[in-house]
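Student: Quick one: structure below, then a few questions.
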Amino acid sequence: MPARTLATGPGVAHEDVVALLARTVDLGRPGAASDEPDFDTVRADFARLGLSEGTPVVIALANGTHLLKQYFAVLLGGCVPLAVSPSTPSARIAALAEHLGAGALIAARIDPARYGAARTHRVGGQQAVHLPGAQAPGGYAPGHVLMLTSGTSGMFSACLHHIGSLLRNARRHAAAVGTRADDRLLITLPLYFSYAIVAQAMTALVTGAGLVVSGPPFNPAGYRESVARHGVTSSSITPTIARQLVEAGERLPAPLRSLAVGGDRIDPRHVAGLLALNPGGELYLTYGLTEAGPRVATLAAHREPAHRHASVGLPLDGVGVTVREPDRDGVGELLVATDTALLRKVGPSVRQPLLEPGLIATGDLFRLDDAGYLHYRGRLSDFVVVRGEKVSLFTIRQAAQSIPGVARAVPKVTRGDDGEPRIELEVHVSEPVLVTEAILHDALRQLLLRSEQPAQVSVVPLSLTAQHK
């Protein structure tokens, strides 16, 4: 393993952001780019909020140039950006802000009363409110970035990174997947995912490549049209999107040279399908996690034999890996040593993944073969993939147990009539007359994302629970 040091390298320059925005096409908001204030205006508006350096700022916006402007305006303004889904319920944003010490929220439209604020402020084409109830816990500084994890660490935790290490990770990823200055990258994933903001947006920033920003929801026909119409040469997708493209069965347009897949393990059959859809093209299978900054390993599938298509490849340059306490089959928890690791995890009662600075216990189970290739086998923590989204059972349990009258919540994974995983929630309550299934559903809608909503909620009185002990 390489020596481990924390990254505190150079940050982002104003002129580089302006150049990136000039190379960006916004597909999600047709005609909006020409009506939006320029980056200098957004920066000036943000400065007028008067936030102290190191203050976290929650950004709840859909994909587009407006999100990138706000993100980099916060960063260059000496504050700490935290991008979240624009569909995040206001109660959850308020709780997140309190736990992480956020001092402001930026969104398209805001009801200030929901956040205990008196009024909104204009920041470019968006609105902002101060979050007076949040008390900054300290420990943040200019150049820091907060990123939510992929659903495995609870609803109020985030990874604290330095922008210098994220840019270094973007450069390493660019080298691994062959991104060039003359490429045009298509972003279809939400920019609040670390994969999208680092491995795509920041990769374009550091390489000089152009961006085409689309966003969810994904559909194969629209994807192919965007690639063809805008001359997209490089695209990053998830295994769920890969499966949709393979099932659609139509060849990918000629401009697309490079395709990268990141996320959970992809079925080798779908790897073969993607190669068939883009003959002569490049296909990269990647593995990463937010804690690592985020990319860790890459397999150039188009250059490898079929028996390696179940692997995520070799570690990036500068990244070391080892398997802790392997079983008789060589499967154990993956440890990652990298100078792009998070500084620390923040949030209430979080488990710190750092064994020491720069050394991450991933919680992922891997086998490392004799040639050094990584083979994903699962995860230690309790999570499930529902409709293509990674969902933490801990998050659901935590949300339900925050509802008054709920003593205990037990999420269970079952299968629906279509064979897909679904979540059922058993809730133990002290007053079943006052805490009904309808009340629980309404309360959970305020706290959980759509993918996290349980398909069924059952109420169990505590007296009945005691009878069965």
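Student: Give me the helices (runs of 4 or more DSSP H) completely within segment 39-137, filtered to those with at least 2 residues that are over 21 Å from PHE193 (Cβ atoms), ordered by residue number.
Tutor: The qualifying helices (runs of 4 or more DSSP H) are 39-47, 90-100.
Student: Please specify each residue of segment 429-454 satisfying the condition of being in a loop (DSSP other than H, G, I, E, B), of a type in the set (S, T, N, Q) and at pLDDT 85 or above.
Tutor: THR436, GLN453
Student: Turning to a different aspect of this structure: Being modelled with pLDDT of 90 or more, within 22 Å of ASP264 (Cα to Cα) and out of contact with any Cys (no Cβ under 7 Å at 6 or more places or on another chain) narrows it down to one residue among GLY388, GLY378, GLY372, GLY358; which is it?
Tutor: From the options GLY388, GLY378, GLY372, GLY358, the qualifying one is GLY372.
Student: What are the residue pairs meeting all of these: first residue in segment 62-86, first residue at pLDDT below 95, second residue in a loop (DSSP other than H, G, I, E, B) and among the aromatic types (Phe, Trp, Tyr), Cβ atoms under 7 Å, and 6 or more apart or on different chains?
Tutor: Pairs that qualify, where the first residue is at pLDDT below 95 and the partner is in a loop (DSSP other than H, G, I, E, B) and among the aromatic types (Phe, Trp, Tyr), are SER85/TYR192.
Student: Could you say whether any residue in segment 263-271 is in contact with a Leu (Cβ under 8 Å, 6 or more places away or on another chain) and either under 16 Å from ALA204 (Cβ atoms) or among the hydroxyl-bearing types (Ser, Thr, Tyr) (or both)?
Tutor: No.
Student: Is it fair to say ALA242 is in a helix (DSSP H, G or I), buried (at least 22 other Cβ atoms within 10 Å of the Cβ) and in contact (Cβ under 8 Å) with a residue 24 or more places away in the chain?
Tutor: Yes, satisfied.
For every residue, the table says whether it meets (1) outside the structural domain of GLY281 (by TED's automatic domain parsing); (2) in contact with a strand residue (DSSP E or B) (Cβ under 6 Å, 6 or more places away or on another chain); (3) within 30 Å of GLU15 (Cα to Cα); (4) at pLDDT 90 or above.
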{"site": "GLY208", "(1), (2), (3), (4)": "no, no, yes, yes"}
{"site": "ASN219", "(1), (2), (3), (4)": "no, no, no, no"}
{"site": "ARG224", "(1), (2), (3), (4)": "no, no, no, yes"}
{"site": "LEU245", "(1), (2), (3), (4)": "no, no, no, yes"}
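Student: Scan segment 363-375 and tell me whether some residue there is under 20 Å from the mean Cα position of the chain (by Cα), of a type in the set (Gly, Ala, Ser) and assigned by TED's automatic domain parsing to the domain that holds ARG243.
Tutor: yes
Student: While we're here: Any residue in segment 107-126 that is under 19 Å from ALA44 (Cβ atoms) and polar (S, T, N, Q) sitting within a Cβ distance under 8 Å of a residue that is in a loop (DSSP other than H, G, I, E, B) and modelled with pLDDT of 95 or more? List the pairs, counting only those 6 or more apart or interchain.
Tutor: What qualifies is THR120/ILE110; GLN126/LEU61; GLN126/ALA108.
Here's the yes/no breakdown for (1) outside any strand (DSSP E or B); (2) among the hydrophobic types (A, V, I, L, M, F, W, C); (3) modelled with pLDDT under 95:
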{"residue": "ALA260", "(1), (2), (3)": "no, yes, no"}
{"residue": "ILE266", "(1), (2), (3)": "yes, yes, yes"}
{"residue": "ARG269", "(1), (2), (3)": "yes, no, yes"}
{"residue": "LEU275", "(1), (2), (3)": "yes, yes, no"}
{"residue": "LEU285", "(1), (2), (3)": "no, yes, no"}
{"residue": "ALA297", "(1), (2), (3)": "no, yes, no"}
{"residue": "HIS302", "(1), (2), (3)": "yes, no, no"}
{"residue": "VAL323", "(1), (2), (3)": "no, yes, no"}
{"residue": "VAL336", "(1), (2), (3)": "no, yes, no"}
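Student: Can you tell which of GLY288, GLY388, GLY358 is crowded, with 16+ Cβ neighbours inside 10 Å and outside the structural domain of GLY262 (by TED's automatic domain parsing)?
Tutor: Every option except GLY388 fails the conditions.
Student: Let me ask you something else. Could you tell me which residue of segment 258-285 is surrounded by the fewest Cβ atoms within 10 Å (Cβ to Cβ), considering only residues that are in contact (Cβ under 8 Å) with a residue 40 or more places away in the chain and over 23 Å from the mean Cα position of the chain (by Cα)?
Tutor: Per the criteria, the residue is PRO268.
Student: Among the residues in segment 388-400, are any in contact with a Lys or Arg (Cβ under 7 Å, 6 or more places away or on another chain) and not in a loop (DSSP other than H, G, I, E, B)?
Tutor: No, there is no match, as no residue in segment 388-400 is in contact with a Lys or Arg (Cβ under 7 Å, 6 or more places away or on another chain) and not in a loop (DSSP other than H, G, I, E, B).
Student: So, one more: Count, please, the residues in segment 14-38 that happen to be modelled with pLDDT of 95 or more and small (Gly, Ala, Ser).
Tutor: Residues flagged as modelled with pLDDT of 95 or more and small (Gly, Ala, Ser) within segment 14-38 amount to 2.
Student: On to the next question. Just to be sure, is HIS441 free of Cβ contacts under 8 Å to residues at least 40 places away in the same chain and more than 28 Å from ASN219 (Cβ to Cβ)?
Tutor: Taking the combined requirement at face value, the residue satisfies it.
Student: May I pose another question? I'm told ILE403 meets every condition in (1) touching a residue at least 24 places away in the same chain (Cβ under 8 Å); (2) outside any loop (DSSP other than H, G, I, E, B) except one. Can you identify the failing condition by its number?
Tutor: Failed condition: (2).
Student: Follow-up question, since we're still on this one. Can you pull out every residue in segment 407-440 that is more than 16 Å from PRO454 (Cα to Cα) and either of a type in the set (Val, Ile, Thr) or touching a strand residue (DSSP E or B) at 6+ places or on another chain (Cβ under 9 Å) (or both)?
Tutor: Residues satisfying the conditions are ALA407, VAL429, SER430, GLU431, PRO432, VAL433, VAL435.
Student: Does segment 165-177 hold any residues that are under 21 Å from PRO239 (Cα atoms) and either touching a strand residue (DSSP E or B) at 6+ places or on another chain (Cβ under 6 Å) or of a type in the set (Lys, Arg) (or both), and which are they?
Tutor: Across segment 165-177, the qualifying residues are HIS173, ALA176, VAL177.
Student: Something else: Of (1) of a type in the set (Lys, Arg); (2) farther than 21 Å from LEU274 by Cα; (3) part of a helix (DSSP H, G or I), ARG180 satisfies all except one. Which?
Tutor: Only one criterion in (1) of a type in the set (Lys, Arg); (2) farther than 21 Å from LEU274 by Cα; (3) part of a helix (DSSP H, G or I) is unmet by ARG180, namely (3).
Student: Given the conditions (1) at positive phi; (2) touching a strand residue (DSSP E or B) at 6+ places or on another chain (Cβ under 6 Å); (3) small (Gly, Ala, Ser), which single one is not true for GLY280?
Tutor: (2)
The values are calculated or read from the model by the stated rules, or taken from the named source; none is laboratory data. Please read all numbers here as calculations on a predicted model, not as lab measurements. Note: ideal-geometry Cβ built from the backbone for every residue, glycine included; neighbour counts use all protein chains shown.
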